[in-house]
Amino acid sequence: MTQKSLTERDRSCTWHPYTQHGLGRDPMEVASAKGSKLKLNDGREVIDAISSWWTILHGHGDPVLVETARKQFETLDHVLFAGATHEPAVRLAERLVELTPKGLDRVFYSDNGSTAVEVALKIVLQNFYQNGQPQRQVFIALNGAYHGDTFGSMSVGDPDPFFEAYKPFLFECVRIDPTADALAKAFEQLGPRAAGVIVEPRIQGAAGMRTNTPEFLQAVREQCDQHGVAFVADEVMTGFGRTGSLFACDTAGVRPDIMCLAKGLTGGIFPLSATVVSEQIFQGFFSQDRNRTFFHGHTFTAHPVGCAMALASLRLCEERNVPGRLQEIGQRIQTRIEPLQQNPGVSHLRQLGGMVAWDLVGSNPDDCGYLSQVGPALHQASLEMGVLLRPLGNVVYALPPACTTDAQADQIADAMLALADRFA
Ligand SMILES: Cc1ncc(COP(=O)(O)O)c(C=O)c1O
């Protein structure tokens, strides 16, 4: 009897995220990972130029993080976080309060980016509900926004192209381009119904690595203050050095009222997220009345292993100057692909910290956006060059981990140049 391959077995029993199985594209079979490389079952090695969905911060299998996890598993593997507490959760909360912009003082843990956002939205709505402004129910968000896949986070995300089927079930949200004027108009339209503004600061990832300006974020802060509503910064992708600063909000000198953190929090290798909230909002729940409790929690809230790893990762971020190294990597790739500026098939070459992106302007102007036909072909071609890229449709980008060497950064840039040669 012939043995089935991993892909054949996979095909019969798994359902992959953001994957149309009917297209019959085989997944890459990954055997192991170390540093910035993935080793495939057929022996090939590929550079993880997208940090495995924007998570891996220091590199795969970082010995400090692996050892931290092992030790924490031996000491305290898991305990509920309702009516109990533990050193890693408290120490991490103390550290996040120190590191996030001044005024963010309370940490609510969950375990992925969508729930970090869901928690933020629920906190804002319940706070208004129980403190005399129940009519404040509508968020303002950006065109193209992506904040996750739970119903609340989908509601503030742009339904196009992912969430059309759920539209009747999503709550009201006003969508704008990232300008101060558009924001002012949205506030005018909503009047006393506005509850808050949610943004991916400086760069919208899933929208196609679309940037926004520090001035826009400053306008969000000012206008939220003016209208007495919450500024929610979704730093799920941008947090922990990706923009060249520890947080994207730091690049604009703004303090949101709530910051959502996930992905890179544990160095990107353990599911943990945090919603960091101002003391003022926390006080909106503080009471002798049990009805004013924030009735939200997840089984693995504040997982001790994740918290210990996040603490270790934050120490490494500082010791190794991760934001600075990511900035250098981004700059190096950007400089090497600079000739793309002259390529008429390429537009919007851009870099922010360790993230570099450009748009492929194919012969068919309608074939752009996440579902562009060219995306999977670009992905396949990059893999054949030993570099894992997973373009957002026609948007080619790299966002590698901080352990990426200069030679590997050059290899990523060369793969991008080759993609442009072949497809632009
Ligand atoms: C800005 C942003 N927010 C939220 C999320 C959702 O995070 P998760 O996939 O961990 O639920 C993502 C995921 O890519 C993201 O980029």
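Would a scan of the range 121-144 turn up a residue that is more than 11 Å from the ligand (Cβ to nearest atom), under 22 Å from GLY306 (Cα atoms), over 14 Å from the mean Cα position of the chain (by Cα) and part of a helix (DSSP H, G or I)? For the range 121-144, residues more than 11 Å from the ligand (Cβ to nearest atom), under 22 Å from GLY306 (Cα atoms), over 14 Å from the mean Cα position of the chain (by Cα) and part of a helix (DSSP H, G or I): absent. Residues that are in contact with a Phe, Trp or Tyr (Cβ under 7 Å, 6 or more places away or on another chain) and surrounded by fewer than 21 Cβ atoms within 10 Å (Cβ to Cβ) within the range 294-339 comprise PHE294, THR301, listed in sequence order. Filtering the range 159-183 to residues that are under 15 Å from GLU118 (Cα atoms) and within 16 Å of the ligand (Cβ to nearest atom) leaves LEU170, CYS173. Kindly indicate which of VAL107, VAL30 is under 25 Å from LEU314 (Cβ atoms) and not acidic (Asp, Glu). None of the others qualify; the one that does is VAL107. Restrict the check to the range 2-22 and report whether at least one residue is of a type in the set (Ser, Thr, Tyr), surrounded by 15 or more Cβ atoms within 10 Å (Cβ to Cβ) and on the phi > 0 side of the Ramachandran plot. There is no residue in the range 2-22 that is of a type in the set (Ser, Thr, Tyr), surrounded by 15 or more Cβ atoms within 10 Å (Cβ to Cβ) and on the phi > 0 side of the Ramachandran plot.
Scanning the range 88-120 for residues that are exposed (fewer than 14 other Cβ atoms within 10 Å of the Cβ) and assigned to a helix (DSSP H, G or I) yields VAL90, GLU94, GLU98.
Every condition in (1) touching a helix residue (DSSP H, G or I) at 6+ places or on another chain (Cβ under 7 Å); (2) more than 14 Å from the ligand (Cβ to nearest atom) holds for GLY152 except the one numbered (2). In summary, helices (runs of 4 or more DSSP H) completely within the range 186-286 and bearing 1 or more residues that are under 23 Å from ALA310 (Cα atoms) and within 12 Å of the ligand (Cβ to nearest atom) occur at 248-252. Residues in the range 102-114 that are within 10 Å of ALA274 (Cα to Cα), of a type outside the set (Phe, Trp, Tyr), out of contact with any Cys (no Cβ under 9 Å at 6 or more places or on another chain) and within 16 Å of the ligand (Cβ to nearest atom): SER110, ASP111, ASN112.
With respect to being in the same structural domain as ALA357 (by TED's automatic domain parsing), away from the ligand (no atom under 16 Å from the Cβ) and farther than 24 Å from GLY113 by Cβ, GLU29 fits the description. Once the range 157-179 is narrowed to residues that are within 15 Å of GLU200 (Cα to Cα) and acidic (Asp, Glu), the residue that is surrounded by the most Cβ atoms within 10 Å (Cβ to Cβ) is ASP158.
Please verify whether the range 35-46 includes one or more residues that are in contact with a Lys or Arg (Cβ under 6 Å, 6 or more places away or on another chain) and assigned by TED's automatic domain parsing to the domain that holds GLY375. Show your work before the answer.
Step one: list which residues in the range 35-46 are in contact with a Lys or Arg (Cβ under 6 Å, 6 or more places away or on another chain), which gives 45.
Retained after the next criterion (residues that are assigned by TED's automatic domain parsing to the domain that holds GLY375): 45.
Yes, the range 35-46 has at least one match.
Of everything listed in (1) free of Cβ contacts under 8 Å to residues at least 12 places away in the same chain; (2) more than 24 Å from VAL90 (Cβ to Cβ), the single unmet condition for ARG242 is (1).
The values are calculated or read from the model by the stated rules, or taken from the named source; none is laboratory data. What you see is a predicted model, and the numbers here were worked out from it, not measured in a lab. Here the Cβ is made from the backbone with ideal geometry for all residues, glycine too, and neighbour counts use every protein chain on show.
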